[in-house]
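Trainee: Let me begin by handing over the structure; questions about it come next.
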Amino acid sequence: MELGDVETNKLAKKIASAAAKKAEDLLVLDMREITTLADYFIICSGSSTPHVRAILNAIGDDLEEEVRPVRKEGTDNNRWIVLDYADVIVHIFHQEEREHYNLEKLWGDAKEVSWQDL
């Protein structure tokens, strides 16, 4: 494992840990073998738009001193928020959108990993 992998794993673990404080159905997918988009996708959901916003805020509160996303999308309606940390992409869904877009099935070849073990 290269140094970059170690740093990416630490970042993914920190993000997932922050999201886990508020999120439902947290899932981490190891994308390294199937795409160059990112090393990890973190997918989670909330049951309402305020809940989705609370997950976003939990991640921001825990990481803002260390790292900020390169790009952030979806905060205008809080139904599907994407945080791009380059090697880690976070998808925070309202439950209805998560069921509709079903990224877990779309990226079904990705291996699910435990965020605690990163």
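The values are calculated or read from the model by the stated rules, or taken from the named source; none is laboratory data. Computed from a predicted model, the values in this text were never measured in an experiment. Note that we place each Cβ from the backbone using ideal geometry, even for glycine, and neighbour counts take in every protein chain shown.
Trainee: Which of the residues that make up the stretch 25-37 are within 14 Å of residue 111 (Cβ to Cβ) and either of a type outside the set (Asp, Glu) or assigned to a loop (DSSP other than H, G, I, E, B) (or both)? Reasoning before the result, please.
Mentor: The first filter runs over the stretch 25-37 and keeps only residues within 14 Å of residue 111 (Cβ to Cβ), leaving 27-35.
Correct list: 27, 28, 29, 31, 32, 33, 34, 35.
Trainee: Can you name the residue in the stretch 1-19 that is at pLDDT below 95 and β-branched (Val, Ile, Thr) and, of all such residues, is surrounded by the fewest Cβ atoms within 10 Å (Cβ to Cβ)?
Mentor: 6
Trainee: Next question, about the same structure. Which one is nearest to the chain's Cα centre (by Cα) among residues in the stretch 70-86 that are in a loop (DSSP other than H, G, I, E, B) and crowded, with 19+ Cβ neighbours inside 10 Å? Lay out the reasoning, then the answer.
Mentor: Initially, the stretch 70-86 is screened for residues in a loop (DSSP other than H, G, I, E, B), giving 70, 74-79, 85-86.
Subsequent filtering for residues that are crowded, with 19+ Cβ neighbours inside 10 Å retains 78, 85.
On the way: 78: 15, 85: 9 Å.
Within the stretch 70-86, the match that is nearest to the chain's Cα centre (by Cα) is 85.
Trainee: Here's a follow-up. Does residue 43 satisfy the condition of being at pLDDT 95 or above and under 16 Å from residue 104 (Cβ atoms)? Can you show your working first?
Mentor: On the way: at pLDDT 95 or above: yes; under 16 Å from residue 104 (Cβ atoms): yes.
So residue 43 fits the description; yes.
Conditions tested, residue by residue: (1) under 16 Å from residue 24 (Cα atoms); (2) among the aromatic types (Phe, Trp, Tyr).
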{"site": "53", "(1), (2)": "yes, no"}
{"site": "71", "(1), (2)": "no, no"}
{"site": "80", "(1), (2)": "yes, yes"}
{"site": "91", "(1), (2)": "yes, no"}
{"site": "95", "(1), (2)": "yes, no"}
{"site": "103", "(1), (2)": "yes, no"}
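Trainee: Is it true that residue 61 is surrounded by fewer than 15 Cβ atoms within 10 Å (Cβ to Cβ), out of contact with any Gly (no Cβ under 9 Å at 6 or more places or on another chain) and at positive phi? Lay out the reasoning, then the answer.
Mentor: On the way: surrounded by fewer than 15 Cβ atoms within 10 Å (Cβ to Cβ): yes; out of contact with any Gly (no Cβ under 9 Å at 6 or more places or on another chain): yes; at positive phi: no.
In short, no.
For every residue, the table says whether it meets (1) out of contact with any strand residue (DSSP E or B) (no Cβ under 8 Å at 6 or more places or on another chain); (2) part of a helix (DSSP H, G or I); (3) farther than 21 Å from residue 118 by Cα; (4) of a type in the set (Asp, Glu).
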residue: 41; (1), (2), (3), (4): no, no, no, no
residue: 67; (1), (2), (3), (4): yes, no, no, no
residue: 91; (1), (2), (3), (4): no, no, no, no
residue: 99; (1), (2), (3), (4): yes, yes, yes, yes
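Trainee: Could you please find all residues in the stretch 90-118 being within 18 Å of residue 22 (Cα to Cα) and surrounded by 13 or more Cβ atoms within 10 Å (Cβ to Cβ)?
Mentor: So in the stretch 90-118, the residues within 18 Å of residue 22 (Cα to Cα) come out as 90-98, 114-116.
Once the filter is applied, which keeps residues that are within 18 Å of residue 22 (Cα to Cα) and surrounded by 13 or more Cβ atoms within 10 Å (Cβ to Cβ), the stretch 90-118 yields 90, 91, 92, 93, 94, 95, 97, 98, 115.
Trainee: Of everything in the stretch 23-49, what is free of Cβ contacts under 8 Å to residues at least 60 places away in the same chain and under 14 Å from residue 93 (Cβ atoms)? Give them in sequence order.
Mentor: Within the stretch 23-49, 44, 45, 46, 47, 48, 49 meet the criteria.
Trainee: Something else now. For residue 22, are the conditions met, namely being buried (at least 17 other Cβ atoms within 10 Å of the Cβ) and assigned to a loop (DSSP other than H, G, I, E, B)? Don't jump to the end; show me each part of the working.
Mentor: On the way: buried (at least 17 other Cβ atoms within 10 Å of the Cβ): yes; assigned to a loop (DSSP other than H, G, I, E, B): yes.
When the stated conditions are applied, residue 22 passes them.
Trainee: Another question about this same structure. Report yes if residue 58 is in contact (Cβ under 8 Å) with a residue 60 or more places away in the chain, among the aliphatic types (A, V, I, L, M) and out of contact with any His (no Cβ under 6 Å at 6 or more places or on another chain), otherwise no.
Mentor: Details: in contact (Cβ under 8 Å) with a residue 60 or more places away in the chain: no; among the aliphatic types (A, V, I, L, M): yes; out of contact with any His (no Cβ under 6 Å at 6 or more places or on another chain): yes.
The answer is no for residue 58.
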